[in-house]
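A short reminder: the numbers here are calculations on the coordinates, not readings from a lab. Owing to the predicted nature of the structure, the values given are computational and were not obtained by experimental measurement. Methodologically, a virtual Cβ is constructed for each residue, glycine included, from the backbone with ideal geometry; neighbour enumeration extends over all protein chains shown.
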Amino acid sequence: MGYGIVPDLTTGKYMCLEPCEHRDCAANRKDFIENANCKICGKPLLAGDKFYYCSSEDFPDCDKNDKVHYVCEIERIVKERTNK
């Protein structure tokens, strides 16, 4: 299971800093600005944070772009396995 790293969107490296019509910029804004809170703890994912896209197997109300902090997911898995 591989994780992603939240990009720093303030540099202009991954998307335009000004409003634009680029599909990639719109996708980054939607994925990391509009939908940037962890599904487990509710806190925002910040630039440099490791994350997973959540699975509908683990979170029934999960949208395909919902994310969880790497640490939150590891803690959830450990807790789930030790409580069985």
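Remarks
This table checks each residue for (1) of a type in the set (Ser, Thr, Tyr); (2) closer than 30 Å to residue 80 by Cα; (3) in contact with a helix residue (DSSP H, G or I) (Cβ under 7 Å, 6 or more places away or on another chain).
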| site | (1), (2), (3) |
| --- | --- |
| 11 | yes, no, no |
| 22 | no, no, no |
| 30 | no, no, no |
| 53 | yes, yes, no |
| 56 | yes, yes, no |
| 66 | no, yes, no |
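- Matching residues, the stretch 38-51, being touching a residue at least 12 places away in the same chain (Cβ under 8 Å) and under 16 Å from residue 9 (Cα atoms): 45, 46, 47, 48, 49, 50, 51
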